[in-house]
Amino acid sequence: MLAIVAVYFLGLMAVGVWASKKVRSSEDYILAGRNLGFWVFTILIVASICSGMTILGTSGLGYVTGWPTIWEQVFVPLSAAVCILLFGTKLHAIGRERGYLTVQDYFSDRFYSKNGIRGLSAVTGILVSLIYMVGQFVAISMVLSWLFGISYHTALMISALIVTAYVIMGGLYAVAWSSLIQGLMLIVGVLLVAPAVVRSAGGLTHINAVLAGIDPNFVQPWYPSWYPEMAGPYAGYAFATPIFLLSFFFLLAFGLASAPHVINNVFAARDARYFRWAPLAAFAVYVVIMYLIKITGYAGRSMAAEGMISLPTNVSNPSDYVFILGAEYAFPSIISVFIGVIVLAAVMSTTDRLMLTIGTYFGWDIYKRFLRPDARDPTITLVSRVAVAASAVLTLLLAWSKPPELLAWLIWMGIGLMLACYVAPLLAGLYWRRATREGAIFSMGLGLLAAGFAGYWHQFVQPLPVHFSLLGFAISIVAIVVVSLATSKPPEKVLDQTQTGFFIRRR
């Protein structure tokens, strides 16, 4: 077991050493020299979205809620397609022409705002990425603790050292190529594990019969009502009503598509032609993986009900172990070790991109633009690397006490803030020539405040029937439309330079 995991970790370090030799500028470190090939780029987008939540959280959610949350398995892969097609096609073309390294460069250019919107979006992106990283390191530590029987804190230190080392060395070159390796491992692993677990549980028909016996709504496309006859929620898991699923669609399909660690990847593709087929390829790969992982969660619930497996009792999130437990039951112990490495690869595939995003935003968008405008290229790269290390230390401190009770809420809040802050300015900036600087700033600011308020209300005052980010998203749309129409039109030169208009690709 130790040998297998050691080979995997040494492989990641080797990628970091190889990638470090290719880093000669900030552009190399941040965007891999804008030289990623089709499959490296496509899998990087998928791997940036695929995280500890995907393989552990998705199966755990399937265990808890049954079929009504299956819509998540369309919405999340759709975010990859939305990011590449709707946002990425234009951003890649403009970014290559005008030398953008981050989406903040685009915001600053399109909304003729040197500091305001750049600073707001960069700080928001760093905060959200830190929240995400806490969850990812917790998930990595869960897997390492299971593999080796070591303490949570030891696992946390090991994972932080490995990921931080190869990200600092190789930047996006290291992240992209390690994501390709990890993504391929995930695809092969899920295709191997999921059918075997379903078969061990007695097949899908038997699984559905067991689920229906636990709660008839487990085998329905959604829950009919969260508040039957005003008597209060009949179960904490019965949130996936039709109106909630509508808000879930916007949250996942658009919020994740605009996440800072995802959208910045579009600047790194080598060829504009990739954007024709990459949306379909990313969606097709991801939707199959997501469906199989969720169905493994259903199988695990059936197996637990029939006494075939037992969830751990000494952890705060026992359902998230169902994929691991199902794999252990379906395979001999020697094979389950390989499966553990596959789970580890899935979890690490987002963590490294989050770390690089924090380093990039601090080095390029804060240090270079606000603190040292005259900073030279080697200094920016160095500051980005230091910020990566600092983010790892801060994340360790936040994750040290194991998953806090509010961790899931914080992660959903992070995605919700992306929906409320980024989506309206991105869509309006790319496609509506009337969108103004003032409209974008008001949209980001009010969306941030509204989503934060609604999230607090949902968690601490009264649960809402929709995902709380929907309020912030609606207000951000209203704000950019109303304020833009009430302020002076943007300069035509800016609109032409940033290819603003109702088209995806300029003819």
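The values are calculated or read from the model by the stated rules, or taken from the named source; none is laboratory data. The shown structure was predicted, so the numbers you read here are calculated from the model rather than taken from an experiment. All Cβ positions, even for glycine, are placed from backbone atoms using ideal geometry, and neighbour counts span all protein chains on display. To get the accessible areas, we keep the full protein, side chains included, count just its heavy atoms, and leave off ligands, DNA and RNA. Shrake-Rupley method; radii C 1.70, N 1.55, O 1.52, S 1.80 Å.
Restricting A479, A474 to residues that are touching a Phe, Trp or Tyr at 6+ places or on another chain (Cβ under 9 Å) and of a type in the set (A, V, I, L, M) narrows the list to A479. I'm told T360 meets every condition in (1) touching a Gly at 6+ places or on another chain (Cβ under 9 Å); (2) closer than 15 Å to Y29 by Cβ; (3) modelled with pLDDT under 90 except one. Can you identify the failing condition by its number? Failing condition for T360: (3). Annotation note: Cβ proximity below 7 Å between a residue of the stretch 87-103 that is closer than 18 Å to A424 by Cα and of a type outside the set (A, V, I, L, M, F, W, C) and a residue that is open to solvent by less than 10 Å² (accessible area, probe 1.4 Å) and in a helix (DSSP H, G or I) (sequence gap 6+ or interchain) occurs for G88/V266; G88/F275; T89/F275; K90/L430; T102/N264; T102/T360; T102/Y361; T102/D365. The residue of the stretch 440-471 that is most open to solvent (accessible area, probe 1.4 Å), among those that are among the hydrophobic types (A, V, I, L, M, F, W, C), in contact with a helix residue (DSSP H, G or I) (Cβ under 6 Å, 6 or more places away or on another chain) and more than 24 Å from P242 (Cβ to Cβ), is F442. Of all residues in the stretch 478-500, those being part of a helix (DSSP H, G or I) and either open to solvent by less than 70 Å² (accessible area, probe 1.4 Å) or in contact with an Asp or Glu (Cβ under 6 Å, 6 or more places away or on another chain) (or both) number 8. The set of residues in the stretch 273-284 being of a type in the set (A, V, I, L, M, F, W, C) and open to solvent by less than 40 Å² (accessible area, probe 1.4 Å) consists of F275, A278, A281, A282.
In the stretch 45-156, counting only helices (runs of 4 or more DSSP H) that sit wholly within it, the ones holding 2 or more residues that are closer than 17 Å to I263 by Cβ and at pLDDT below 90 span 116-148. In the set (1) closer than 15 Å to Y63 by Cβ; (2) part of a loop (DSSP other than H, G, I, E, B), A375 fails one condition alone, (1). Taking the criterion of being of a type in the set (D, E) and under 19 Å from the mean Cα position of the chain (by Cα), the only residue of the stretch 26-76 that qualifies is E72.
Given the condition in contact (Cβ under 8 Å) with a residue 24 or more places away in the chain, among the small types (G, A, S), open to solvent by less than 10 Å² (accessible area, probe 1.4 Å) and not in a helix (DSSP H, G or I), answer yes or no: does some residue in the stretch 2-25 qualify? Can you show your working first?
Of the residues in the stretch 2-25, the ones in contact (Cβ under 8 Å) with a residue 24 or more places away in the chain are 2, 4-5, 8-9, 11-13, 15-20, 22-23, 25.
Keeping just the survivors that are among the small types (G, A, S) gives 11, 16, 19-20, 25.
Now drop any that are not open to solvent by less than 10 Å² (accessible area, probe 1.4 Å), which leaves 16, 19.
From what's left, not in a helix (DSSP H, G or I): none.
No, the stretch 2-25 contains no residue that is in contact (Cβ under 8 Å) with a residue 24 or more places away in the chain, among the small types (G, A, S), open to solvent by less than 10 Å² (accessible area, probe 1.4 Å) and not in a helix (DSSP H, G or I).
Taken together, V138, V167 contain a single residue that is in contact with a Leu (Cβ under 9 Å, 6 or more places away or on another chain) and under 23 Å from I366 (Cβ atoms), which is V167.
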